[in-house]
Amino acid sequence: MDEKTVKALIAEAFSARERAYVPYSHFKVGAALLTSDGRIFKGCNIENASYGATNCAERTAFFKAVSEGIVDFSAIAVVGGLDTGITDYAYPCGICRQVMLEFCDRDFRVIVARAEDDYKCFKLSEIIPFGFSSENLEK
Ligand code: THU
């Protein structure tokens, strides 16, 4: 992925983060999911008084896209931190990594950022090695 695309995706993740509904953790997360045909689906985390009903930003973005019929993806950018500001990279949780594995190739790119020019980029296979996917059900 070229630098310009990465920066644009991170900017969209910051924009998505503004919509985070976080009355309990005050930890705002934004995600921007890039489809293989160049569209972007944004997502934020949406918390609930019954904490387990919370949906992460990454899954919000994925479920928006999949529910619109899109299932081919190339990258996701994630930004997160307390509502006072971003101090560190926010890595996708295990459940979100599993959802990525469901829909993405192993070279799908996961970008975690603190700013548009401060990010790390991983392949999905790096952040969920030895994953369990539909391929395992065929063997
Ligand atoms: N969160 C995400 O949105 N994405 C992740 O991958 C990790 C955690 C959210 C869930 C919850 O609203 C808050 O961050 C604190 O866990």
Please compute the length gained on full extension between residue 64 and residue 15, using 0.36 nm multiplied by the number of residues separating them and subtracting their Cα-Cα distance.
16.0 nm
Using θ = phi - 60° and the Karplus curve 6.51 cos²θ - 1.76 cosθ + 1.60, what whole-Hz ³J(HN,Hα) does each residue of the range 28-45 get, with Gly and Pro shown as x?
8, 10, x, 9, 10, 9, 9, 7, 4, 9, x, 7, 10, 10, 9, x, 10, 7
Label-reachable residues, the range 38-80, where backbone N falls under 17 Å from a point 7 Å from residue 24's Cα toward its Cβ
44-60
Model label zone, residue 49; criterion: amide N under 19 Å from point 7 Å along Cα-to-beta-carbon; scope the range 7-38:
21-26
With n ≥ 4 as the cut-off for DSSP H runs, can you work out [θ] at 222 nm for the chain, using -39500 (n - 2.57) per run divided by the number of residues, rounded to the nearest 500?
-9000 deg cm²/dmol
Just to confirm my numbers, what's the Cα centroid distance between the range 79-108 and the range 36-58 in Å?
10
Highest first, please rank the peptides 15-23, 77-85, 126-134 by the mean number of other Cβ atoms sitting within 10 Å of their residues.
77-85, 15-23, 126-134
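What fraction of the DSSP beta bridges in the range 57-139 is antiparallel, stated in percent and rounded to the nearest 5? Each step should come with its number before you reach the end.
Numbers: 6 of 10 bridges.
Within the range 57-139, antiparallel bridges account for around 60 percent of the total.
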Looking at the calculated P(r) for the range 44-139, what percent of the C-alpha pair distances fall above 22 Å?
32
Return the equivalent ellipsoid semi-axes of the range 1-70 as a descending list in whole Å, where each equals the square root of 5 times an eigenvalue of the C-alpha gyration tensor.
24, 15, 7
Taking the Cα centre of the chain as the origin, how large is its charge dipole in debye, to the nearest 20, when only Lys and Arg (+1) and Asp and Glu (-1) carry charge on their Cβ atoms?
200
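Read-outs throughout are calculated quantities, based only on the coordinates presented, and are distinct from any laboratory measurement. This is a predicted model, so every value here is computed, not measured. Every residue, glycine among them, receives a Cβ derived from its backbone with ideal geometry; neighbour counts consider all protein chains shown.
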